[in-house]
Amino acid sequence: MFELLVEKDGREGIVYLDYGKKFLIQGLVLGLDTFQPVASHGTPALQPQRIATINPVSLPDQYALNLGNPDGAKRLYVFTDPDCPYCRNLHDELKKLEKMAPQVSIRVMLFPLPTHQGAYDKARVILGRKSRELLDMAFEGKALPQPMGDEGKAPLDAVMGFAYAHGFTGTPTIVFPDGSVVVGVRDAATLKNLLERM
């Protein structure tokens, strides 16, 4: 495995390339003895510190797409990438959660990762048109129209800037109503149980 120091839009980060040069891998490599990140470049700033909790009021909610009850007393925030296979799995679970927990507002925050080349434009057109239909189509693997001009760019860049500033490096990332942050897929029943405790 090769460690690569990459730069995009003035931001640096580390990605990994497999020995066969077929896959780019994003994330942390942890030593089994210490469970601490290990990196040849050794610059802590390259891997943003992950935040365990966040004040939900600080989230750029005005740029969210809503699933579920728009007036729900509880809000679940999901940072997702339209080309992320894990996000696709979570999206199916969120559609189940809509039916299981009608009092919850599920706020989708589009956060395309740089490793998914077409995700940025998909996120722009989904956000620019505030379209649940386009969001569903993206997760179904269907082709989306290209964004027109600067469509969706400013709100998407605002969400991405927020995510990077708060150490979000992967998708899906979920922020619960109490501000706790978890990364990865949870099934609808687990999400419902967690929400009921808050």
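The values are calculated or read from the model by the stated rules, or taken from the named source; none is laboratory data. For clarity, every value in this text was computed on a predicted model and none was experimentally measured. Glycine also receives a Cβ, built like all others from the backbone with ideal geometry; neighbour counts cover every protein chain displayed. Calculation scope for accessible area: heavy atoms of the full protein, side chains included, ligands and nucleic acids excluded. Shrake-Rupley method; radii C 1.70, N 1.55, O 1.52, S 1.80 Å.
Residue by residue through the range 92-126, note down the ones that are open to solvent by 10 Å² or more (accessible area, probe 1.4 Å), in contact with a strand residue (DSSP E or B) (Cβ under 8 Å, 6 or more places away or on another chain) and within 19 Å of M160 (Cα to Cα). Working first, answer last.
Within the range 92-126, the first condition is being open to solvent by 10 Å² or more (accessible area, probe 1.4 Å), and the residues that meet it are 92-93, 95-96, 98-100, 102-103, 107, 113-118, 120-122, 124.
Cutting the leftovers down to in contact with a strand residue (DSSP E or B) (Cβ under 8 Å, 6 or more places away or on another chain) gives us 95, 98, 102-103, 107, 113-115.
Answer for the range 92-126, where residues must be open to solvent by 10 Å² or more (accessible area, probe 1.4 Å), in contact with a strand residue (DSSP E or B) (Cβ under 8 Å, 6 or more places away or on another chain) and within 19 Å of M160 (Cα to Cα): R107, L113, P114, T115.
Taking the criterion of being in a loop (DSSP other than H, G, I, E, B), touching a His at 6+ places or on another chain (Cβ under 9 Å) and modelled with pLDDT of 75 or more, would at least one residue in the range 39-55 satisfy it?
Yes, there is a match, as at least one residue in the range 39-55 is in a loop (DSSP other than H, G, I, E, B), touching a His at 6+ places or on another chain (Cβ under 9 Å) and modelled with pLDDT of 75 or more.
Can you tell me which residue among I126, I106 is outside any helix (DSSP H, G or I), modelled with pLDDT of 95 or more and at negative phi?
Working: I126 fails: outside any helix (DSSP H, G or I).
From the options I126, I106, the qualifying one is I106.
Got at least one residue in the range 172-179 being open to solvent by 30 Å² or more (accessible area, probe 1.4 Å) and modelled with pLDDT of 90 or more? I'd like the intermediate steps shown before the answer.
Within the range 172-179, the subset open to solvent by 30 Å² or more (accessible area, probe 1.4 Å) is 177-178.
Adding the requirement that they be modelled with pLDDT of 90 or more leaves 177-178.
Yes, the conditions are met somewhere in the range 172-179.
Identify, from the list K142, K130, the residue that is open to solvent by 10 Å² or more (accessible area, probe 1.4 Å), touching a helix residue (DSSP H, G or I) at 6+ places or on another chain (Cβ under 9 Å) and of a type in the set (K, R). Working first, answer last.
Values: K130 fails: touching a helix residue (DSSP H, G or I) at 6+ places or on another chain (Cβ under 9 Å).
The unique qualifying residue is K142.
Within the range 151-169, take every residue that is crowded, with 20+ Cβ neighbours inside 10 Å and assigned to a loop (DSSP other than H, G, I, E, B) and give me the one that is modelled with the highest pLDDT.
Here the residue is G152.
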